[in-house]
Amino acid sequence: MNFIILLAIFSLNNTFGQDKESIYERINLAESYLEAGFTDDAIDVYKNIFVLQKNILGENNIELVNTLHSLSDIYLEINAIDSAKVYLKKALDIQYYNFLSKQKKYTSTYQRLKNIFLYNNDSTKVSQIDSMLNILNDLDNQFQYIKSDSLLIYPEIISLRPAFIDSTNLVSEYSLNDQAIEMINHGLSLVDAGLFSESVKAFDNAIKLKANIIDLDYLQNIEFGDSLNIKKLINTYQEIESVDSTINTQHLFNAILYDKIGKNKKEIISSLLKHITLFNDDIKGYEYLGNLYFENGQYLDAIHYYHRILLINPKYIPANMKLTECLIYFEDYKMAIEKLNLIIELDENNFEAKYYLGYCLFHLNSYNEAIKELTHALLLNSNDALTYYYLGKSYISINKKKQALEAFIMSSELNPFDGNTHFELGKIYESILKTNLAIEKYKLADKYIDNHELNYIYGTLLYNEQFYREAIRPLREFIIFEENNTEVLEMLGDIFIKENRFPESIDTYNRLIEQYPDNEKFYKNIAYSYNQLNNYTMAKKYYEKVLLFDEENADILFQLGSISNLLYQYKEAEEYLIESISCSYASKDLLFELGLSYGGQKKYLQASMALKEAINFSLDDPVLHYQLGAIYQEMFIFDLAIQEYQVYLKTYRNDPIAYRLIGDSYVNLNNYQDAIINYRKAAELYNYEDLQSLYKLGESYFNIEDYNNAAKYFKSALKINYDHAQSHAYLASTYTILKKYREAKKECDILYMLDRESYNNIDYCIN
């Protein structure tokens, strides 16, 4: 079967694409933080990006320089000069590995250093950097510059990489033909002079001199001036093409220029396709094209061009490596392993190849072999978080928790922002019953990733450990994707009840009822929730549904009786409560509710008997004594009512209503002195702002013929409610007795307006 066709049938799994997308997302997040003024958060995200880039691209990849530049810029902005220097030194360190082909980034780093020394008013260092920048603009002198320590601001960096500086092989690998370099520099000078037509010819001649080894990385990083120059160059190529057919570099340079101004990748690819038809042995051209397809997610097209490279040079490692990544994307791990073994034959110390080999073996369930290769990879690079991660995954797959734990801990230390590693650590800690550590790791994982399985495991553990409030969010996230998961819905319903979030509990249990309409528990929990919301009508409705499943359920019958009392449906309450007793036994609470239902029907004798029986269950229950007192009062047994209220007041000494009711009972016994004592206590507890307590004090004083005090309290009552007709009536009578006729007449006039009937009952007023 054709190689390309074979690959097309493999299933998709965006393992590495997701990692790269994660970097782009984090860059956007960092920029958003900066725009919002959250500098510390932006720094943290960029540090995270740097770790991810190292893991994905390698610790000396030139792409890391941009991130280091971003960090140094932020630190400079907040005047953290030393920190800015640290990250610029790291950038320089990386660039020594990529010097010739990355001239533009090198210049950019030193320009940033210059800004720092300008900020510090260090004219000597500024002068040194200006000298360096001048040298950097002369490509012929770059390596002579590297070898000269005298001009370096950080000579210690040079000492770290002596092998690089002295390596003629590495230099020659990235060097272009001297004449081609001279011609490219000449073309750049012509661009600067605005002579675009002449520059086109110079670039064309440069490529013709050495087209087969042209370094596109170098060409991509050439500075063509500003965007206006680039647009003019593009126009010039298009103009020349129509009149000069010998110019055949148009398409390559158009691709490079399109890339610089952010043109659509399709346009860049189109230009490169035209270029390779003219230069069909240009490996770098095919590589550039393949990488663009790869970055655009067009993996089959990328494979085609990597394959073209390998037809020219089967041992070209970068193409073999990228082809391997494509195979891994299509989950063709066996074919990927073949490519990786070839790479390792060519370069036995290739860390990337060893890592991917372990990765593929892991996905083929060859865990012991994966452990071997990943361990070897770590001997080549002990600072790669992903390698430790898959080493941990391999160990856990063969149930070696101790080794897995060690690997995951190392991974998390190298990349503390990787949620997947924290997730794996959480699962191990949970399995060995280190619950607190498991929760801590799940919490960190939840911070960095949105994982369906994590939401379930984390939420369930929080629920089981009774961290109900914290469990809500992950369980809710889980239920978005599995909206009918009964287990999780039940957990959520239970949590909402425990957290007094009753509307949400009602909604949750209604969702469960849609799946399981015959589940008694769900109706019961809805009824309970409605009851807690004081929606007694709906509570009764759902308790009645529960009763359909078990008509002799004493507890439900009791709940129905209690709710019926609250709805003033006393006869129905009595029936439910008596039936509850018949199904089970009489309890204190049940007898209390039964007493209320009898009282509501004015069956006072039955009510008193039920309440006294309830008191036998709990002699000291003050509420029972209070209610019995109220029943006795309704039965006109005032001495017993007083007795019961006083028992109640032993517990609730500051209840003004009870004192007022005792006062009422004493009045009915014509014991006004004791009535006054209790009314005054009630008034004190109300801060003398209760109309009834003050009025009844006035009335009691009137009955014992203490008219001055009577007038005092009637007037106090009227301060609270001036329209209280009874106080005006008594005050009119009191003033008459005290022979204060003018005041009495005034009260009569007010009473006439408020209550004509009361007015007609006062002799003084009608006379």
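The values are calculated or read from the model by the stated rules, or taken from the named source; none is laboratory data. None of the values given here were measured: they were computed from a predicted structure. Methodologically, a virtual Cβ is constructed for each residue, glycine included, from the backbone with ideal geometry; neighbour enumeration extends over all protein chains shown.
Using the structure shown, decide if Phe423 is in contact with a Ser or Thr (Cβ under 8 Å, 6 or more places away or on another chain) and surrounded by 17 or more Cβ atoms within 10 Å (Cβ to Cβ). Against the criterion (in contact with a Ser or Thr (Cβ under 8 Å, 6 or more places away or on another chain) and surrounded by 17 or more Cβ atoms within 10 Å (Cβ to Cβ)), Phe423 does not qualify.
Residues of the stretch 351-373 that are surrounded by fewer than 20 Cβ atoms within 10 Å (Cβ to Cβ) and either among the small types (Gly, Ala, Ser) or more than 35 Å from the chain's Cα centre (by Cα) (or both): Phe351, Ser366, Asn368, Glu369, Lys372.
Scan the stretch 709-730 for residues that are outside any loop (DSSP other than H, G, I, E, B) and over 16 Å from Arg756 (Cα atoms) and report the count.
Keep residues of the stretch 709-730 that are outside any loop (DSSP other than H, G, I, E, B), which gives 709-720, 725-730.
Filter once more, keeping what is over 16 Å from Arg756 (Cα atoms): 709-720.
Qualifying residue count, the stretch 709-730: 12.
Answer yes if at least one residue in the stretch 301-317 is in contact with a Phe, Trp or Tyr (Cβ under 6 Å, 6 or more places away or on another chain), hydroxyl-bearing (Ser, Thr, Tyr), modelled with pLDDT under 95 and crowded, with 20+ Cβ neighbours inside 10 Å, and no otherwise. Yes, that holds for at least one residue. When Asp749 is tested against the conditions (1) among the charged types (D, E, K, R); (2) touching a helix residue (DSSP H, G or I) at 6+ places or on another chain (Cβ under 8 Å); (3) assigned to a helix (DSSP H, G or I), the lone failure is (2). Taken together, the residues in the stretch 582-595 that are without any contact (Cβ under 8 Å) to a residue 24 or more places away in the chain and surrounded by 15 or more Cβ atoms within 10 Å (Cβ to Cβ) amount to 0.
Of all residue pairs spaced 6 or more apart or on separate chains, those with beta-carbon atoms under 7 Å, a first member in the stretch 103-121 that is within 17 Å of Ile62 (Cβ to Cβ) and among the aromatic types (Phe, Trp, Tyr) and a second member that is at pLDDT 65 or above and crowded, with 20+ Cβ neighbours inside 10 Å are Tyr106/Gln95; Tyr110/Ile129.
Residues of the stretch 390-419 that are polar (S, T, N, Q), surrounded by fewer than 20 Cβ atoms within 10 Å (Cβ to Cβ) and part of a helix (DSSP H, G or I): Ser397, Gln403. Of all residues in the stretch 513-553, those that are touching a helix residue (DSSP H, G or I) at 6+ places or on another chain (Cβ under 8 Å), of a type outside the set (A, V, I, L, M, F, W, C) and over 18 Å from Glu572 (Cα atoms) total 13. In the condition set (1) surrounded by 19 or more Cβ atoms within 10 Å (Cβ to Cβ); (2) outside any helix (DSSP H, G or I); (3) not small (Gly, Ala, Ser), Leu292 is compliant with all but (2).
Of the residues Lys696, Lys681, Lys712, which is buried (at least 23 other Cβ atoms within 10 Å of the Cβ) and basic (Lys, Arg)? Break it down stepwise before answering.
Values: Lys681 fails: buried (at least 23 other Cβ atoms within 10 Å of the Cβ); Lys712 fails: buried (at least 23 other Cβ atoms within 10 Å of the Cβ).
Only one candidate qualifies: Lys696.
The number of residues in the stretch 279-297 being closer than 13 Å to Lys265 by Cβ and of a type in the set (A, V, I, L, M) comes to 2.
Could you tell me which residue of the stretch 747-757 is nearest to the chain's Cα centre (by Cα), considering only residues that are closer than 12 Å to Asp723 by Cβ and surrounded by 13 or more Cβ atoms within 10 Å (Cβ to Cβ)? Lay out the reasoning, then the answer.
Step one: list which residues in the stretch 747-757 are closer than 12 Å to Asp723 by Cβ, which gives 750-751, 753-755.
After this cut, where a residue has to be surrounded by 13 or more Cβ atoms within 10 Å (Cβ to Cβ) as well, the list is 750-751, 754-755.
Numbers: Ile750: 67, Leu751: 67, Leu754: 64, Asp755: 66 Å.
So the residue we want is Leu754.
Leu68 passes every criterion in (1) in a helix (DSSP H, G or I); (2) at pLDDT below 70; (3) not polar (S, T, N, Q) apart from (2). Within the stretch 626-639, count every residue that is in contact with a Ser or Thr (Cβ under 9 Å, 6 or more places away or on another chain) and under 22 Å from Gln601 (Cα atoms). Result for the stretch 626-639: 8.
Could we say that Tyr528 is within 24 Å of Leu567 (Cα to Cα) and not in a loop (DSSP other than H, G, I, E, B) here? Talk me through it step by step, then tell me what you get.
Numbers: within 24 Å of Leu567 (Cα to Cα): yes; not in a loop (DSSP other than H, G, I, E, B): yes.
When the stated conditions are applied, Tyr528 passes them.
Please determine whether any residue of the stretch 395-414 is of a type outside the set (Lys, Arg) and in contact (Cβ under 8 Å) with a residue 40 or more places away in the chain. Yes, that holds for at least one residue. In this structure, does Asp621 turn out to be farther than 26 Å from Gly698 by Cα, surrounded by fewer than 20 Cβ atoms within 10 Å (Cβ to Cβ) and either of a type outside the set (Lys, Arg) or in contact with a His (Cβ under 9 Å, 6 or more places away or on another chain) (or both)? In short, yes.
Per-residue answers, yes or no, for (1) aromatic (Phe, Trp, Tyr); (2) modelled with pLDDT under 95; (3) touching a helix residue (DSSP H, G or I) at 6+ places or on another chain (Cβ under 8 Å):
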position	(1), (2), (3)
Asp347	no, yes, yes
Gly358	no, no, yes
Asn365	no, no, yes
His376	no, no, yes
Tyr389	yes, no, yes
His422	no, no, yes
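Taking only the stretch 242-267 into account, find how many residues are within 20 Å of Ile184 (Cβ to Cβ) and either modelled with pLDDT under 75 or among the β-branched types (Val, Ile, Thr) (or both). Give the steps one after another, and end with the answer.
Start the filter on the stretch 242-267 by keeping residues that are within 20 Å of Ile184 (Cβ to Cβ), which leaves 244, 246-261.
From what's left, either modelled with pLDDT under 75 or among the β-branched types (Val, Ile, Thr) (or both): 244, 246-250, 256, 261.
Within the stretch 242-267, residues that are within 20 Å of Ile184 (Cβ to Cβ) and either modelled with pLDDT under 75 or among the β-branched types (Val, Ile, Thr) (or both) number 8.
Here the stretch 604-614 is the region considered, the condition is being touching a residue at least 24 places away in the same chain (Cβ under 8 Å) and either closer than 18 Å to Gln646 by Cβ or surrounded by fewer than 18 Cβ atoms within 10 Å (Cβ to Cβ) (or both), and the residue that is nearest to the chain's Cα centre (by Cα) is Glu613.
Among the helices (runs of 4 or more DSSP H) lying completely within the stretch 156-235, list those that include at least 2 residues that are modelled with pLDDT of 75 or more. Steps first, please.
Details: elements: 162-166, 168-174, 178-192, 196-209, 216-220.
Answer list for the stretch 156-235: 178-192, 196-209.
Scanning the stretch 34-43 for residues that are surrounded by 14 or more Cβ atoms within 10 Å (Cβ to Cβ) and assigned to a helix (DSSP H, G or I) yields Leu34, Thr39, Asp41, Ala42, Ile43. Output yes when any residue across the stretch 655-668 is out of contact with any helix residue (DSSP H, G or I) (no Cβ under 6 Å at 6 or more places or on another chain), in a helix (DSSP H, G or I) and farther than 20 Å from Ala717 by Cβ, and no when none is. Looking through the stretch 655-668, none of the residues is out of contact with any helix residue (DSSP H, G or I) (no Cβ under 6 Å at 6 or more places or on another chain), in a helix (DSSP H, G or I) and farther than 20 Å from Ala717 by Cβ. Within the stretch 514-525, being touching a residue at least 12 places away in the same chain (Cβ under 8 Å) and either in a helix (DSSP H, G or I) or touching a His at 6+ places or on another chain (Cβ under 8 Å) (or both) holds for Gln515, Glu520, Phe522, Tyr523, Lys524, Asn525.
I need the full set of residues from the stretch 80-94 which are at pLDDT below 80 and of a type in the set (Ser, Thr, Tyr), in order please. Answer for the stretch 80-94, where residues must be at pLDDT below 80 and of a type in the set (Ser, Thr, Tyr): just Ser83.
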